[in-house]
Structure formats: structure tokens, C-alpha cells
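Computed from the coordinates by the stated procedures, all read-outs in this text should not be read as laboratory data. Predicted model, so just to flag it, every value in this text is computed and none were measured.
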Amino acid sequence: MWYCMTCEISTLPALYAVLMTGLIGFLVVLYIWLSMRKGTRFVRHYPPPDINLLDKPYESADPNELLSFCNKGQCNGAWKPPRTHHCSTCNVCRLDFDHHCPWLGNCVSLGSMKEFLYLLFFVPLVFLLGISPAASILYSQARLAYGVSMADPWINDVWWSWYASWIVFCGPLGRPVIGTLLGYRVLKDSRVPSSGYGQMLEQPHMRVSIVALVALIMSIFAMGLGVSTLRNLLRGRTTLETLKARAYRNKFVVIPAVNAADSETGSIADMRKVITVPPQENLYILDWTKLWGKPLFTCSAYDSSSEYLWPTVNPNIIHQARNKDK
Ligand SMILES: [Zn+2]
Ligand SMILES: [Zn+2]
């Protein structure tokens, strides 16, 4: 019985330590993987297709220019396939571009979206698991620091009764934060000297509370970004496409010939037409198997294919365009 109890007591912290080490390691690998692959040697360039033989509908930047090319940065006039965007920070064209992430120093595309969403949703999870054993201690220390701060004449003088304390640090929300941090400063003087190592939680430390606060803010930020990115994807759009939809500019789609093979008159090029699509309409179908079906830390079928894989155009658009002809 005694043996089992000691087993339980020592096994749980060990399992917790292994779990936390594994999760933090996973976050580090996700971060490194997402930050890498920014150079041109990781960005595929495909030869432009022959538009006369093309049978896939696709977006065109300009109704008069049937294919788009990029002369910016290191692209040197390369063909810009559909859903490609030139990132001015990375100086390359990205296939399936979503957005450039300054925290990663790299673009996020649909090919790296799975890892990006894992990172965004694992940050708050790791924070919650990491903070949970210390949360009640940190909370009671913060309450103590807040109470001490409210009662301290010097802090009342320099902070609580200062009218600008309502404005200077994030307005009314930041007022109690600074007040509490000043309370830690007062508590520092009454701290009992300890051996130091491993004693950070026993007595109130401003450093520990700041680290916990920054981690909380970053977790909320990551969660918010994760939810908004996922919401766009569930609507079938990348972040860039969501922004373009808000820009209220019409899009142009090149529709190849209908039943061109059966036609006896004219070439495919003669029967091709460019249609205008309202900004809110999704141009392409989001391929979830391509986005979610690939194993983690691998290139998507899109990135690794030697031949360009055309995105599937929203069938509603083609349907509407063909119905207009009838
Ligand atoms: Zn480019
Ligand atoms: Zn970029």
C-alpha cells in the first residue's frame, strides 16, 4: 500500500514533466519548421501553360492579360499561377499564399497551414497545462500585491491618485496591472532571504508574474489568430482572399471553351471568355485533403508536385457563366 502511494506521488510529477517537455519541444519544432523554407530554392516556379490549350478556368489579374507574370524581387518574370501572391518581405512569389507572419519571419501558405494552426492552438494549451500547478499560488500573490499596493501611501501618491494612470498603460485595463506590479515592489522589501534555487514561487516575485502575464497575453493572441484563420478557411478563403473580398473589387475569371472538343467551328482560343465575379464570391474550392490530409512537417502535394496542380474553381461561378450564354 505504502509502495503504491509513493509510486503515485512520484510518477505523476514525472509524467507531467515528460508531457510538458514533449509539448514544448513540439512547439519549438513547429516554430523552426514554419520559419524555414523562405528562400527561392524552396519556392517552385512552373513554366507558363499554353493558353490556347488550357482547359482549366482560372483567375486573371486583368481582363486583357490572360496570364500573370511577376517581375518583382527575385521572380524574374516567372509565371504567377492562380492563388499566387508576391510577398514583398520575403521577395518571392508564394503558391497558395495566406499571409506573411512577422512572428515567424516567413509566409504562411496553405501548404504550411496545418503546422501554423497546430502552433496557434498548442500555444494556449501548453500555457494552460504549464501554468495550472502554479495558478492558485500566483493568483493569491497577485491579490496580496494588489492589496498592499492599494494600502501603500507612496504608490497611492505616484499611481492610484494620478489621473494619467487611467490612460498611460492600455487605459483602465492596464491601471490595476501597473498598480499590482508596484505592489510586488513593496513586497520585495519584506521577502525572506531563501536559497534562491527553486524558490521562485514561494514568495511573490515580479519577474514570475510578468512572465506569466506575457505568456497569457501571447496565448490569447495566438488563440484569437487561430480562430480567425480557421473561420476564414471554413468559409473557403485564405486570409488574403478575405481581405480582397473586403476590398470590393471585382475579380476576373478566364473560362475556357465549353465542349471545345465537339465544336466544329473556331479554335479553343476563339471561344474562351473572361467573366467578372463579384468580390464576395469564392473563386476556388478549398481543398481540405490537401491542407489537412498531409502528414505534419511534409510538403503538401501542391508544393512538391513537379507539374502545377490547378485549384478547383467554385462550380457556381462556371455554372452562372454558362447559364448566361443560354
Ligand atoms: Zn513574385
Ligand atoms: Zn513572406
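Data overview
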read-out: All lysines inside 21 Å of LYS114 as judged from Cα atoms, apart from same-chain residues fewer than 8 positions distant; value: LYS38, LYS290, LYS294
read-out: The chain: calculated mean residue ellipticity at 222 nm from DSSP helix runs of at least 4, using -39500 (n - 2.57); value: -15000 deg cm²/dmol
read-out: Residues whose placed amide H lies under 5 Å from that of CYS101, excluding near-sequence neighbours; value: ASN106, CYS107, VAL108
read-out: Pair-distance profile P(r), taking every C-alpha pair of region 33-135, with 10 angstrom steps and integer %; value: 13, 37, 26, 14, 7, 3, 1
read-out: Hz values of 3J(HN,Hα) by residue in region 93-108 - Karplus curve (6.51, -1.76, 1.60), Gly and Pro given as x; value: 8, 10, 6, 6, 4, 10, 6, 8, 9, x, 6, 9, x, 7, 7, 10
read-out: ³J(HN,Hα), Karplus 6.51/-1.76/1.60, whole Hz, each residue of region 69-79, x for Gly, Pro; value: 10, 10, 10, 7, x, 9, 7, 6, x, 5, 5
read-out: For the chain, convex hull of alpha carbons as volume per residue, Å³; value: 221 Å³
read-out: Fraction in percent of alpha-carbon pairs per bin - 10 Å, region 91-166; value: 15, 23, 16, 21, 18, 6, 0
read-out: Normalised per residue, the volume of the convex hull around the Cα set of region 40-98 (Å³); value: 96 Å³
read-out: For region 106-241, projected area of the alpha-carbon convex hull averaged over all directions, nm²; value: 11.4 nm²
